[in-house]
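**Student:** Pasting in a structure now, in structure tokens, and then I'll have a few things to ask.
Read the figures in this text as sums done on the coordinates, not as results from a lab. Because the structure is predicted, anything quoted here is derived from the model rather than measured. Cβ: placed from backbone, ideal geometry, glycine included. Neighbour counts: every protein chain shown.
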Amino acid sequence: MSKSISIILLSLFFAFQIAAQDKGVNIGVDLASRYIWRGVDYGRAPSIQPTLEFSFGKLQIGAWGAFTTSQFNNDKSKSFVQESDLYIKYDISKAFSLTLTDYFFPDDALSNNSYYNFDKESTGHILEGTVSFNGTEKIPLSLMVATNFYGADAKNTDGDIFYSTYIELGHSTNWKETDLDFFIGGTPNKADTDKKETGFYADSPNVVNIGVTASKEIKVTDKYNIPVSASFITNPNTENVFLVFICSF
């Protein structure tokens, strides 16, 4: 077993031990009309997105997935997307948090999954570190900086790995019992076209994600509400636009 796998498994083991003491467990699922992530369309179809999270105090450890409901595009090309992620988040304070995420996209052919392959040159995992400022009463803005630092980011013709960064600025408010989250995100990376590099979000510094999300709860009974949200999202880099509806259970 490689050193990378051992470190991750030990981190998960100790985090689960801590979480189990508090018995804080969150199980849920989102039904999304489209899986749009940082301005990029994944799957081009409705998506089922389950969550399993354990929490203890300032620490959360969880698994999140996304599974599209259609396998092919209109031109019969493959578009089926499966994603199974692990993450560890630590809240330094109410305003700041750190997150480590392991992104993985399983192949629908089981023999090609190679989930336990963490070799830098051939792994399907992408490890990302994120620093988040969640805003305060005096500073009603949020800022997130996320950088891939290991694994299957974009590669050039020489096989070198090109790691990408995403930066997002947000503002949250409330209007008539509806939460509104405004956001703008982009990448500062510039790919080297001579080496035929391709960026994870864009091939040059660009804004890739602008929009607003409106969220509220629909009352079903006196004791049960269903959270719903609608997002209007544009990607100036690809000149694309999306309107996404999500229902959470």
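**Student:** When 171, 125 are ordered from fewest to most other Cβ atoms inside 10 Å of their Cβ, what list results? Walk me through the numbers before you get to the answer.
**Tutor:** Working: 171 14, 125 22.
Ranking 171, 125 by Cβ neighbours within 10 Å, fewest first, gives 171, 125.
**Student:** Pairs 94/216; 94/176; 138/216; 58/89; 89/120: which exceed 19 Å Cα-Cα? Please report the intermediate quantities before stating the final value.
**Tutor:** Values: 94/216 23 Å; 94/176 25 Å; 138/216 24 Å; 58/89 8 Å; 89/120 24 Å.
Correct reply: 94/216; 94/176; 138/216; 89/120.
**Student:** Any aspartates and glutamates with Cα under 16 Å of the residue 190 Cα? List them, leaving off those in the same chain fewer than 8 positions away.
**Tutor:** Cα-Cα hits under 16 Å: 153, 160, 203.
**Student:** Can I ask one more? Fewest Cβ neighbours within 10 Å first, please rank 226, 210 accordingly.
**Tutor:** On the way: 226 12, 210 17.
Going from least to most buried by this count: 226, 210.
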